[in-house]
Amino acid sequence: MSKPTVGIFGLTGCAGDQLTILNCEDRLLDLVALIDIRDFSMASSLNNEECPLDVALVEGAVLTSHDAEYLKAIRKRSKTLVAIGTCAVWGGVAAMDRGADRGKLLEEVYGEAGRGYDSVPAQALHEVVPVDLNISGCPIEKEQFLAAIAALLNGDPPIYPEYPVCTECRMRENNCLLIERGELCCGPVTVAGCNARCPDLRVPCVGCRGPVNDANAASLAAVFAEKGFDRAQVAARLRTFAPEEVTA
Ligand code: SF4
Ligand code: SF4
C-alpha cells in the first residue's frame, strides 16, 4: 500500500514548528517509514512542488500577499490541511497590532522604503483558506504533533485537550502563582497541552498556546479581579499570541 504523501511548509514565522518536527529525533525514522514526505524545503532541496498531498502541515501566519497565494496553492493540492503553531492557528505575535496603521508601522521600522513592502495585516490560516485541524503551541509540542499524525494515519480524529493549562498545573501539584503569589498567570484562559511548562518553573503562563474554548469568563474575571487584575490586563497579555477579536 502506498504511503500518504505529506508536505511541510512555512509562511511568515520563526520556523520553530518545522524545527520541532525535525527534532523528533528517535521518532523521525519511524515517521518517515510511515509517510512519504514530498515537499519540505527546510529539510530537503529535492521537493516536488506539484505533487498532490494527503496532508499539508503549514506553520507561520499570512503576512504578505505571497504568503496568501502560496497558502491557497497548498490548499488546492492537499486533502487535509493542518495549521501548526500559534502563528498559523491564531496569527501569533505578528497579529497583535493588526488594527494599527500598517504603512506607518513599516515606515517606523524600515524607513520610507517600508511603505512599498509586500506586507498585509497578519492573518491566521483559517482566515484565508479552510483548515481541517489546528495544532497550537509556540512552538508545537513534539508529543502532541506525533499523536496527531498517528491519529490521522489511523483515520481517527486527533484528540486535543479542551481544558486550561491550570488543569495540567494542578496535576503536577504546583502551588498556584495567581492565587498564592498574586502573579498575572494566564493559565486559566490558555489551552493546555504543554504540561504547564512555565508555571512548573515558577514562571507565569503568558498564553502562548492561545485561548481555551468555553472558559467560564465571569468566574475567571472574578478570580483575576480579586488579585488586582482587570480584564484589559489579562487580554493585553494574551494579545502577544492572538489577535484582539479572540482575547478581548
Ligand atoms: S500557576 Fe497559573 S497555570 Fe498554575 S494553577 Fe495557577 S493560574 Fe493556573
Ligand atoms: S505554560 Fe503557557 S506560556 Fe508556558 S508553554 Fe504553556 S501555554 Fe505557553
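Within the stretch 8-83, which GluC sites (Glu not before Pro) sit in a loop by DSSP and count at most 14 neighbouring Cβ atoms inside 10 Å?
Glu49, Glu50
Divide by every residue of the chain the summed helix terms, -39500 (n - 2.57) for each DSSP H run of at least 4, and state the resulting mean residue ellipticity at 222 nm, rounded to the nearest 500 deg cm²/dmol.
Value at 222 nm, helices only, nearest 500: -9500 deg cm²/dmol.
Calculate what fraction, in whole %, of the accessible area of the stretch 165-247 sits on carbon and sulfur atoms when a 1.4 Å probe is rolled over the protein chains.
51
From a point 7 Å beyond the Cα of Ala236 in the direction of its Cβ, which residues of the stretch 86-121 have a backbone N at a distance under 19 Å?
Zone members listed by number: 93-101.
Once fully extended, how much extra length lies between Lys72 and Leu19, figured as 0.36 nm per residue of separation less the alpha-carbon to alpha-carbon distance?
Taking Lys72 through Leu19 to full extension adds about 16.8 nm, to one decimal.
Would you mind getting the accessible area per residue of the stretch 165-247, heavy atoms of the protein chains only, 1.4 Å probe, in Å²?
52
Who wins for biggest fluctuation among Val32, Val234, Val212 in a Gaussian network model of the chain, springs between alpha carbons below 10 Å?
It is Val32.
List the GluC sites (Glu not before Pro) in the stretch 154-232 that DSSP assigns to loop (not H, G, I, E or B) and whose Cβ has at most 16 other Cβ atoms within 10 Å. Which are they?
In loop regions of the stretch 154-232 (DSSP not H, G, I, E or B), the sparsely surrounded GluC sites (Glu not before Pro) are Glu162, Glu173, Glu180, Glu183.
Mind checking which lysines have their C-alpha under 25 Å from Lys3, skipping anything on the same chain fewer than 8 residues away?
Lys72, Lys76, Lys79, Lys142
The values are calculated or read from the model by the stated rules, or taken from the named source; none is laboratory data. Computed from a predicted model, the values in this text were never measured in an experiment. Every residue, glycine as well, gets a Cβ built from its backbone with ideal geometry; the counts of neighbours run over all protein chains shown. Side chains are part of the model used for accessible areas, which takes the heavy atoms of the whole protein and leaves out ligands, DNA and RNA. Shrake-Rupley method; radii C 1.70, N 1.55, O 1.52, S 1.80 Å.
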